[in-house]
Amino acid sequence: MTRTRFLFAALPLVIGLALTVLFYLQLGRDPAILPSALLGKPAPHLALPGLAAGQPGLSDADLRQGRPVLVNVFASWCGACIVEHPLLSELVKDPAVILYGLAWRDRPEATAAFLAEHGNPYRAVGSDPDNRAGIDWGVYGAPETYVIGGDGTILFKWVGALTPAVIADEILPRLKPGAAS
């Protein structure tokens with residue numbers, strides 16, 4: 001019976017040590033860099049409608065233009081999306097930047113109101129209110145930004161609001177012709 005008591009007494013210590021090692025190993029990692037099984041693979045199929053009848057949506061053809069494009073996952077209810085929105089509006093002033101929006105888990109009328117209030121930097125916006133495309137793309141939450149190569153391959157994924165440093169160091173270099181991941 002004393003051996004069983006010893007095991008029960010030692011169990012919390014063993015669990016505590018295991019958790020300490022796990023937390024220590026995670027120190028210094030950037031939480032915005034989440035692994036994606038899609039990096040280096042073709043972007044999942046897209047055939048999303050626009051926000052209203054007659055407005056362009058988002059499709060596979062948009063992502064395979066022979067030059068890199070950006071896909072930004074956003075929503076009207078997303079506070080971080082409001083924070084990054086001015087950066088996106090500034091980014092598209094560069095004619096080499098092609099930006100598409102994926103309105104994630106949002107009602108089309110709410111997305112349209114958001115864009116009317118904050119401006120629309122997107123060439124087209126695909127509506128994904130039921131998260132079907134989001135699941136295929138492995139979306140963790142809004143905002144997320146993908147760099148898609150000219151052949152439709154996912155080159156880079158950023159989770160969270162973009163910053164000037166991320167745009168300069170990670171996004172823009174991947175948008176240059178011939179850039180690799």
inquiry  = Filter segment 141-178 down to the residues that are of a type in the set (S, T, N, Q) and within 16 Å of residue 101 (Cβ to Cβ) and list them by number.
reply    = 145
task = Please go through segment 40-51 and pick out each residue that is within 18 Å of residue 147 (Cβ to Cβ), surrounded by 14 or more Cβ atoms within 10 Å (Cβ to Cβ) and in contact with a strand residue (DSSP E or B) (Cβ under 7 Å, 6 or more places away or on another chain).
result = 42, 43, 46
ask   = Restricting attention to segment 169-181, does a residue exist that is among the basic types (Lys, Arg) and part of a helix (DSSP H, G or I)?
value = yes
Considering residues of segment 109-150 that are charged (D, E, K, R) and under 24 Å from residue 41 (Cβ atoms) only, the residue nearest to the chain's Cα centre (by Cα) = 144
task = Starting from segment 141-167, keep only residues that are under 24 Å from residue 82 (Cβ atoms) and assigned to a loop (DSSP other than H, G, I, E, B), then list their pairs with residues that are at pLDDT below 95 and not β-branched (Val, Ile, Thr) whose Cβ atoms are within a distance under 6 Å, requiring at least 6 positions of separation or different chains.
result = 160/32
key: Matching residues in segment 93-107 - criterion: being buried (at least 18 other Cβ atoms within 10 Å of the Cβ) and not hydrophobic (A, V, I, L, M, F, W, C)   = 100, 101, 106
task = Inspect all residues belonging to segment 72-95 and state whether any of them is in contact (Cβ under 8 Å) with a residue 12 or more places away in the chain and farther than 23 Å from residue 159 by Cα.
result = no
message = Any residue that is surrounded by fewer than 19 Cβ atoms within 10 Å (Cβ to Cβ) and over 19 Å from the mean Cα position of the chain (by Cα) - is there at least one of those in segment 68-91?
response = no
query = Can you name the number of the only condition in (1) free of Cβ contacts under 8 Å to residues at least 40 places away in the same chain; (2) farther than 20 Å from residue 142 by Cβ; (3) in contact with a His (Cβ under 7 Å, 6 or more places away or on another chain); (4) not β-branched (Val, Ile, Thr) that residue 60 fails?
reply = (1)
query = Somewhere in segment 136-156, is a residue hydroxyl-bearing (Ser, Thr, Tyr) and either at pLDDT below 95 or surrounded by fewer than 22 Cβ atoms within 10 Å (Cβ to Cβ) (or both)?
reply = yes
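The values are calculated or read from the model by the stated rules, or taken from the named source; none is laboratory data. Being a predicted model, the structure only gives us computed values, none of them experimental. We place every Cβ from the backbone using ideal geometry, glycine too, and count neighbours over all the protein chains shown.
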